[in-house]
Amino acid sequence: MKVNGQDFQFGMEAEVHSFQVSPEGKISTYALADWFQEIAWRHANSAGFGTNLSENHQMWALARLAIKAEKRPAWGETMKIYTAGRGVNKIFAFREFLLTDLDGNPLVTGMSSWLLLDSVSKRPQRPESVLPKELFDPELKPMWEPEKVQAQGEIKNQIHIQVKPSDLDLNRHVNNTIYIRWAEDLIIQAGLEPKFCGINYLSECHLNDEVTLELFESEGDFFVEGKVKEKRVFSSHWA
């Protein structure tokens, strides 16, 4: 399907629910990431490569995600969400997202890079060795990629969070969207209404881990980094 001048492989409509918005009534970055995760799974499963992963002892690990929100839909609005594989670069598979209003006007864009792992050994596998070409064409390259994030600037805040059962996904580690929720809370407390979020996932967190979150500010941009003891688990950039 052609949307905003680009080819996308899968789409769905969704409504912004009351529990997905900020106090200003606009969809949160955390909720956007939730929808992107949901449509990625639905697309993969539509081609028979979603729920079958566990049977083959394979799992997807999100490595990086970038979200650019030019205009956030409000509570009660219906939106259209689209996704497509954007090829492979070395061991990373790329997936793009687009969120529009019902008239097709682009509101939010996103790009993600993923690792395909053996769920037992956690060793990466080459995506093209198992992915159907209609999902990820190894000859394609993404037009843009999520950035490498390195926290910088002056530290502004530090808090500690203990991982709860509700933070976990089916693989029993913290769901990738939960890190965004933790970071977004600090960002909003600092007074920023972000239009951009870029996050790198560096390591896993598990039940009862104590995560130290640190907020940095540098030239008007903010960074949130999470650590378990001295191990970095994620690093995010907000602007």
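The values are calculated or read from the model by the stated rules, or taken from the named source; none is laboratory data. For clarity, every value in this text was computed on a predicted model and none was experimentally measured. For neighbour counting, all protein chains shown are included, and Cβ atoms are generated from backbone atoms with ideal geometry for every residue, glycine included.
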Name the residue that is surrounded by the fewest Cβ atoms within 10 Å (Cβ to Cβ), counting only residues in the range 102-143 that are outside any loop (DSSP other than H, G, I, E, B) and among the polar types (S, T, N, Q). Ser129
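Within the range 90-101, track down each residue that is free of Cβ contacts under 8 Å to residues at least 40 places away in the same chain and either outside any strand (DSSP E or B) or of a type in the set (A, V, I, L, M) (or both). So that I can check it myself, show each step before the final result.
Step one: list which residues in the range 90-101 are free of Cβ contacts under 8 Å to residues at least 40 places away in the same chain, which gives 90-92, 101.
Result: Lys90, Ile91, Asp101.
Listed residues Glu204, Glu219, Glu154; which is out of contact with any strand residue (DSSP E or B) (no Cβ under 8 Å at 6 or more places or on another chain), surrounded by fewer than 17 Cβ atoms within 10 Å (Cβ to Cβ) and of a type in the set (Asp, Glu)?
Working: Glu204 fails: out of contact with any strand residue (DSSP E or B) (no Cβ under 8 Å at 6 or more places or on another chain); Glu154 fails: out of contact with any strand residue (DSSP E or B) (no Cβ under 8 Å at 6 or more places or on another chain).
That would be Glu219, the only listed residue that is out of contact with any strand residue (DSSP E or B) (no Cβ under 8 Å at 6 or more places or on another chain), surrounded by fewer than 17 Cβ atoms within 10 Å (Cβ to Cβ) and of a type in the set (Asp, Glu).
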Across the range 208-219, what is the number of residues that are more than 19 Å from Gln152 (Cα to Cα) and in contact with an Asp or Glu (Cβ under 8 Å, 6 or more places away or on another chain)? 0
Does Ile159 fit the bill of being assigned by TED's automatic domain parsing to the domain that holds Glu217, within 17 Å of Ser235 (Cα to Cα) and surrounded by 14 or more Cβ atoms within 10 Å (Cβ to Cβ)? no
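Let's see how each residue does on (1) among the hydrophobic types (A, V, I, L, M, F, W, C); (2) crowded, with 18+ Cβ neighbours inside 10 Å; (3) part of a loop (DSSP other than H, G, I, E, B):
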| position | (1), (2), (3) |
| --- | --- |
| Met12 | yes, no, no |
| Pro23 | no, no, yes |
| Phe36 | yes, yes, no |
| Trp41 | yes, no, no |
| Asn45 | no, no, no |
Counting only residues in the range 115-148 that are closer than 22 Å to Asn45 by Cα and among the hydroxyl-bearing types (Ser, Thr, Tyr), the one farthest from the chain's Cα centre (by Cα) is identified as Ser129
Which residues, counting only those in the range 59-87, are under 24 Å from Met1 (Cα atoms), surrounded by fewer than 22 Cβ atoms within 10 Å (Cβ to Cβ) and at pLDDT below 95? Gly87
Looking at (1) in contact with a Ser or Thr (Cβ under 7 Å, 6 or more places away or on another chain); (2) assigned to a strand (DSSP E or B), which one does Pro146 not meet, given that it meets all the others? (2)
